[in-house]
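Q: Sharing a structure, written as structure tokens. Questions coming.
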């Protein structure tokens, strides 16, 4: 375990600049249009059990650029997700349509600043946006530069947390209580090894995939 942590620190030292630049790009996203931010929300709805790069580059990004992300029919959206290899494309297309209705003309951007802290904002998203659990809501907030202090607990991260001794074993499923308990453990671990949580997440993703995407 100590060797694993040492290796992680060495990797962080070599990739620290790239990771910080990526997080800076995420923070810049929060200054962009509501359409751009809504696209990130849709992306995070699509990512569970699907390839993130395909969901973004082959579906959400083209729809955003064409102006159709908010206007195309559910069937058109569904077909686009299907062609891009997004699993459960019917369900996820429905979730995106519901998200359009939820935020309406006011959009997502204004809603982000109605809450006192990011944890309250995350809870709002989980309760009101179909298709977003704690993991997906944290992912969305990280991708628009608001993820400091949040953990994105997908299976890749959880596997590494076991190796690092942050948790004892891979959970079969995560309740809200279990998610928040692990998130608190990650916070303490990041403070101990002096790698901020948002940087630690991208570092572990790089370790798994060999790239820093989102």
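Q: If you scan region 140-168, which residues turn out to be in contact (Cβ under 8 Å) with a residue 24 or more places away in the chain and either assigned by TED's automatic domain parsing to the domain that holds residue 38 or assigned to a loop (DSSP other than H, G, I, E, B) (or both)?
A: Those that are in contact (Cβ under 8 Å) with a residue 24 or more places away in the chain and either assigned by TED's automatic domain parsing to the domain that holds residue 38 or assigned to a loop (DSSP other than H, G, I, E, B) (or both): 144, 145, 146, 147, 148, 149, 150, 151, 152, 153, 164, 165.
Q: Test each condition in (1) crowded, with 19+ Cβ neighbours inside 10 Å; (2) over 30 Å from residue 101 (Cβ atoms); (3) modelled with pLDDT under 95 for residue 190 and report the one that comes out false.
A: Residue 190 satisfies all of (1) crowded, with 19+ Cβ neighbours inside 10 Å; (2) over 30 Å from residue 101 (Cβ atoms); (3) modelled with pLDDT under 95 except (3).
Q: Ok, one more. Looking at (1) without any contact (Cβ under 8 Å) to a residue 40 or more places away in the chain; (2) assigned to a helix (DSSP H, G or I); (3) surrounded by fewer than 17 Cβ atoms within 10 Å (Cβ to Cβ), find the lone condition where residue 173 falls short.
A: (2)
Q: Shifting gears a bit: Specify which of the listed residues (201, 168) is buried (at least 18 other Cβ atoms within 10 Å of the Cβ) and at pLDDT below 95. Quick ask: steps written out before the conclusion?
A: On the way: 168 fails: buried (at least 18 other Cβ atoms within 10 Å of the Cβ).
Being buried (at least 18 other Cβ atoms within 10 Å of the Cβ) and at pLDDT below 95 holds for just one of 201, 168, which is 201.
Q: With 168, 123 as the choices, which residue is over 24 Å from residue 51 (Cβ atoms) and under 18 Å from the mean Cα position of the chain (by Cα)? Give the steps one after another, and end with the answer.
A: Numbers: 168 fails: under 18 Å from the mean Cα position of the chain (by Cα).
Residue meeting the stated conditions: 123.
Q: Quick one: which residue in 147, 133, 67, 94 is at positive phi and either surrounded by fewer than 20 Cβ atoms within 10 Å (Cβ to Cβ) or at pLDDT below 95 (or both)?
A: Values: 147 fails: at positive phi; 133 fails: at positive phi; 94 fails: at positive phi.
Every option except 67 fails the conditions.
The values are calculated or read from the model by the stated rules, or taken from the named source; none is laboratory data. Predicted, not measured: the structure shown is a model, and the values here were computed from it. For neighbour counting, all protein chains shown are included, and Cβ atoms are generated from backbone atoms with ideal geometry for every residue, glycine included.
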